[in-house]
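The values are calculated or read from the model by the stated rules, or taken from the named source; none is laboratory data. Note that this is a predicted model, so its numbers are computed, not measured. We place every Cβ from the backbone using ideal geometry, glycine too, and count neighbours over all the protein chains shown. Accessible surface areas use protein heavy atoms only, side chains included; no ligands, DNA or RNA. Shrake-Rupley method; radii C 1.70, N 1.55, O 1.52, S 1.80 Å.
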Amino acid sequence: MAKLSSLQNHSMPTGFFTHPAFIEHNPGSMHPERPERLVAIEDAVRKISLQEKLVFRQAPKASRADLLRVHDERFIEEISSFCRNQAYLPSMEAEVNEATLEAAYLAAGAGIAATRAVMDGELNNAFCAVRPPGHHATASQSMGFCLFNNIAIAAAYLLEETKISRILIADWDLHHGNGTQDIFYNSRRVFYFSTHQWGIYPGSGAASETGTGEARGFTLNRPLMMGDGDKEIIAAFEEELLPAMEEFRPEFVLISAGFDAHEADPLGSLRVTDAGFRRLSEIVYGIADHHAGGRLVAFLEGGYNLGVLGRCVCDILDVFS
Ligand SMILES: [Zn+2]
């Protein structure tokens, strides 16, 4: 394999990928995964004083081939017809319609465009402000509020279409990313690390879930208890993830960046603060910088307090740039 350049050009900007269609997907009235989440993020990001270091990009649609690297053909067909019929999708716990399907293809496409731009050296790193989120979706099923698994689709693109052969996916969302774990559970090329509140949806993510066969040890779960906060989540990243990455040496780093573990989030019972999320961003940025030539792309997952979303995404962009 050709050696990857370990020197990313840090003078390149940080990408911020989004699309107006992301606010057209409406999972139903009173649903926490509401369009206003992205409005709050974009409003906040437009106001920060980093503008010269940021590049705003409109997400392109993923192709069917992009989805097929992760998802079953039958599943993609079923989802397409389901969205055309504009019904409630029980496994996804959300209403879906044509706007949902369009948004889902764009959310997957954002990740591919962002990782490609980083690989091409056009961007130093990127944040994908997308809806619907992705980390619960398995190869054959939409779950939670997730239709397609955006981060897994980006990882599969990197593995199959570029020289990248080792990827870290760090997932600090309140919920366990069961779909991402499941998709790469027998892969030694993707290291999946997750902190999440134990005992809530989707129920997976025990510390004993470590991968299968030859990939045992390539999944690392650190469930947290109700009331845990900055101290516990930062310790998991510093004391568990950092040493694991000295062994694994990722060539590209992806983040499932949910903000529902925040103390002010309405869904969870963890107590991570703005400063805590900023620290997690710094730690993962450091891993990318140290091992992966700075190659780093984050994906919005959960997070349902609008003020928190705006502030924490701005903090990530500040760390990234
Ligand atoms: Zn979540």
Residues of region 162-186 satisfying the condition of being out of contact with any strand residue (DSSP E or B) (no Cβ under 9 Å at 6 or more places or on another chain) and among the small types (Gly, Ala, Ser): Ser165
Selection within region 78-89 - open to solvent by 90 Å² or more (accessible area, probe 1.4 Å) and at negative phi: Glu78, Arg84, Asn85, Tyr88
Count of residues meeting criterion [touching a His at 6+ places or on another chain (Cβ under 7 Å) and within 16 Å of the ligand (Cβ to nearest atom)] in region 288-302: 2
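Does Ala108 fit the bill of being modelled with pLDDT of 95 or more and in a helix (DSSP H, G or I)?
Values: modelled with pLDDT of 95 or more: yes; in a helix (DSSP H, G or I): yes.
Yes: the conditions hold for Ala108.
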Test: residue in region 188-201 that is in a helix (DSSP H, G or I) and closer than 25 Å to Gly293 by Cβ: no
Sole residue being within 17 Å of the chain's Cα centre (by Cα), at pLDDT 95 or above and over 21 Å from Val313 (Cβ atoms), chosen from Val130, Val70: Val70
Leading residue by the ranking (farthest from Tyr285 (Cα to Cα)) among those in region 158-181 that are in contact with a His (Cβ under 9 Å, 6 or more places away or on another chain) and hydrophobic (A, V, I, L, M, F, W, C): Leu174
Meets criteria (open to solvent by 10 Å² or more (accessible area, probe 1.4 Å), under 22 Å from Gly303 (Cβ atoms), within 18 Å of the chain's Cα centre (by Cα) and within 16 Å of the ligand (Cβ to nearest atom)) for Met92: no
Filtered residues of region 179-209 (kept if open to solvent by less than 50 Å² (accessible area, probe 1.4 Å) and under 22 Å from Phe252 (Cβ atoms)): Gly179, Thr180, Gln181, Ile183, Phe184, Ser187, Val190, Phe191, Tyr192, Phe193, Ser194, Thr195
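Can you tell me which residues in region 255-279 are in a strand (DSSP E or B) and more than 16 Å from the ligand (Cβ to nearest atom)? If you could, list the steps in order and put the result at the bottom.
At the first step, the residues of region 255-279 found to be in a strand (DSSP E or B) are 255-257, 262, 271-272.
The answer is none; no residue qualifies.
Is it the case that Leu309 is within 16 Å of the ligand (Cβ to nearest atom), in a helix (DSSP H, G or I) and in contact (Cβ under 8 Å) with a residue 24 or more places away in the chain? Outline the logic, then answer.
Numbers: within 16 Å of the ligand (Cβ to nearest atom): yes; in a helix (DSSP H, G or I): yes; in contact (Cβ under 8 Å) with a residue 24 or more places away in the chain: yes.
Yes: the conditions hold for Leu309.
Assigned to a helix (DSSP H, G or I), more than 14 Å from the ligand (Cβ to nearest atom) and either surrounded by 20 or more Cβ atoms within 10 Å (Cβ to Cβ) or not hydrophobic (A, V, I, L, M, F, W, C) (or both), is that true of Leu241?
Working: assigned to a helix (DSSP H, G or I): yes; more than 14 Å from the ligand (Cβ to nearest atom): yes; either surrounded by 20 or more Cβ atoms within 10 Å (Cβ to Cβ) or not hydrophobic (A, V, I, L, M, F, W, C) (or both): yes.
So Leu241 fits the description; yes.
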